[in-house]
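These notes are about the structure you will find just below.
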Amino acid sequence: MISELPLVRHTRFEDAYKYIERCRDTRQSKSNKLGFVLGEPGVGKSRLVSMVKDKSPSTRCGIADKVPVVILKAPTRFTESAFYTEILISMGIRQKARAKTSELKIRVRELLKQHHVELIVLDEAQDAIPLTGVKDRTQVVKALKFIVDDTCAAIVVIGTLAAKPLAFEEEQIASRSRPPFILQEFHYTTREDRVYWRRFIKRVLLELDLPIRETQELSDRLMLATRGDLRALERLLIDIQAEDLVQQEQVSTAEQALLLFENVWSKNFYGGPGQRSPFELSKRSLRSALRENFALER
């Protein structure tokens, strides 16, 4: 049984990973070590963070463990002190209560160097940006400036598009960062979009070893069902994998696969009230729905 989709790469995902690695590789330059990866929920940001961490595991060393990548979530009540404390906690370092901000900065700077930290990933950045205006972003700006100007580590900020003001409107940040990378959702307007999505679905089914025949029609219906949201696709495929027919590898035809998806859709209450299942639509209705929802070319 799967608990999440495998890290099947597609072009946009791969480009986002390369962007992060470029920030890390050029961390000696203050104008290139800060980056932003932004995107709507469901485009793969969480998987991207997992991939970055998995590819750079910590290693035991005699004096101090080498920790190439530090991952932390943005404190919801963001202060400089809370941010520095989260860095230390993510490194597995105990921190005394009520330490002064100045003390935390010294400790963070020293420990990042001691543990050979090359990259800090600040996830869920939108949670750090208050809704009350520019003034309240000051703490975030100060924290990012400190990492860029006074430490040996690069830092990449991950978040939804709600974090765009931090990247575009704060002059002290914009002048220190690479142009933000926007992780786009899957489009479904052109023939090329359909081919791209179909290849992705094929790779996912192969990676999961699901005995389901991939077709253009199934890919179209999966796009209509999930709108390209990877979390929605994940939930649906997890439910598919749990079916007895899949466990017994008795889904040998495209018709059987379509019926299986329709049964799972109905049984697990996908969709809103009155919404027809994408897996029960006729081919003609399917094509009309794709044009209506995604402006798919004729």
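Residues that are part of a loop (DSSP other than H, G, I, E, B), open to solvent by 60 Å² or more (accessible area, probe 1.4 Å) and closer than 30 Å to Glu297 by Cα: does the range 218-229 have at least one? So that I can check it myself, show each step before the final result.
Within the range 218-229, the first condition is being part of a loop (DSSP other than H, G, I, E, B), and the residues that meet it are 227-229.
Still in the list and also open to solvent by 60 Å² or more (accessible area, probe 1.4 Å): 227.
Within this subset, residues satisfying the condition of being closer than 30 Å to Glu297 by Cα are 227.
Yes, that holds for at least one residue.
From the set of residues in the range 39-70 that are open to solvent by less than 50 Å² (accessible area, probe 1.4 Å) and part of a strand (DSSP E or B), which is farthest from Lys142 (Cα to Cα)?
Val69
Please go through the range 243-276 and give me each residue that is within 25 Å of the chain's Cα centre (by Cα) and among the small types (Gly, Ala, Ser), ordered by number.
The one that is within 25 Å of the chain's Cα centre (by Cα) and among the small types (Gly, Ala, Ser): Gly271.
For Ala167, work out the one condition from (1) without any contact (Cβ under 8 Å) to a residue 40 or more places away in the chain; (2) closer than 30 Å to Pro75 by Cα; (3) open to solvent by less than 10 Å² (accessible area, probe 1.4 Å) it doesn't fulfil.
(1)
Can you name the helices (runs of 4 or more DSSP H) wholly within the range 138-210 that have at least 2 residues being of a type in the set (S, T, N, Q)?
On the way: elements: 138-150, 164-168, 171-174, 191-208.
In the range 138-210, the matching helices (runs of 4 or more DSSP H) lie at 138-150.
Of the conditions (1) in contact with a strand residue (DSSP E or B) (Cβ under 9 Å, 6 or more places away or on another chain); (2) of a type in the set (S, T, N, Q); (3) closer than 25 Å to Phe269 by Cα, Thr160 satisfies every one except a single condition; which number is it?
With respect to (1) in contact with a strand residue (DSSP E or B) (Cβ under 9 Å, 6 or more places away or on another chain); (2) of a type in the set (S, T, N, Q); (3) closer than 25 Å to Phe269 by Cα, Thr160 is out only on (3).
List every residue pair whose Cβ atoms sit under 7 Å apart, with the two residues 6 or more apart in sequence or on different chains, where the first one lies in the range 176-202 and is closer than 21 Å to Arg287 by Cβ and the second, anywhere, is of a type in the set (D, E, K, R) and not in a loop (DSSP other than H, G, I, E, B).
Listed by first residue and then by second, the contacts come to His187/Asp193; Tyr188/Arg194.
Take the residues in the range 4-22 that are out of contact with any helix residue (DSSP H, G or I) (no Cβ under 7 Å at 6 or more places or on another chain) and among the hydroxyl-bearing types (Ser, Thr, Tyr), then tell me which one is modelled with the highest pLDDT.
Taking the range 4-22 and keeping what is out of contact with any helix residue (DSSP H, G or I) (no Cβ under 7 Å at 6 or more places or on another chain), we get 9, 11-12, 14-15, 18-19, 21-22.
Add one more test, that the residue is among the hydroxyl-bearing types (Ser, Thr, Tyr), and what stays is 11, 19.
On the way: Thr11: 76, Tyr19: 95.
Within the range 4-22, the match that is modelled with the highest pLDDT is Tyr19.
Picking from Leu104, Leu144, which residue would you name as being closer than 15 Å to Ile71 by Cα, modelled with pLDDT of 90 or more and surrounded by 19 or more Cβ atoms within 10 Å (Cβ to Cβ)? Even if it seems obvious, please write down each step before you answer.
Numbers: Leu104 fails: closer than 15 Å to Ile71 by Cα.
Answer to the selection: Leu144.
Looking at (1) in contact with a helix residue (DSSP H, G or I) (Cβ under 9 Å, 6 or more places away or on another chain); (2) surrounded by fewer than 16 Cβ atoms within 10 Å (Cβ to Cβ); (3) hydrophobic (A, V, I, L, M, F, W, C); (4) not in a loop (DSSP other than H, G, I, E, B), can you tell me which one Ile93 breaks?
The failed condition is (4).
Is there a residue being among the acidic types (Asp, Glu), surrounded by fewer than 20 Cβ atoms within 10 Å (Cβ to Cβ), outside any helix (DSSP H, G or I) and in contact (Cβ under 8 Å) with a residue 60 or more places away in the chain anywhere in the range 241-248?
We begin by selecting, within the range 241-248, every residue among the acidic types (Asp, Glu); these are 243-244.
Subsequent filtering for residues that are surrounded by fewer than 20 Cβ atoms within 10 Å (Cβ to Cβ) retains 243-244.
Among the residues that remain, those that are also outside any helix (DSSP H, G or I) are: 243.
If we keep only those that are in contact (Cβ under 8 Å) with a residue 60 or more places away in the chain as well, we get none.
No: zero hits.
Here's a check for you: in the range 264-298, which residue that is at pLDDT 90 or above and over 22 Å from Phe186 (Cβ atoms) is surrounded by the most Cβ atoms within 10 Å (Cβ to Cβ)?
If we take residues in the range 264-298 being at pLDDT 90 or above and over 22 Å from Phe186 (Cβ atoms), then Glu280 is surrounded by the most Cβ atoms within 10 Å (Cβ to Cβ).
The values are calculated or read from the model by the stated rules, or taken from the named source; none is laboratory data. The model shown is predicted, which means the values in this text are computed figures rather than measured ones. Please note: Cβ atoms are built from the backbone with ideal geometry, for glycine as well, and neighbour counts cover all protein chains shown. Protein only, heavy atoms only, side chains kept; ligands, DNA and RNA dropped before computing areas. Shrake-Rupley method; radii C 1.70, N 1.55, O 1.52, S 1.80 Å.
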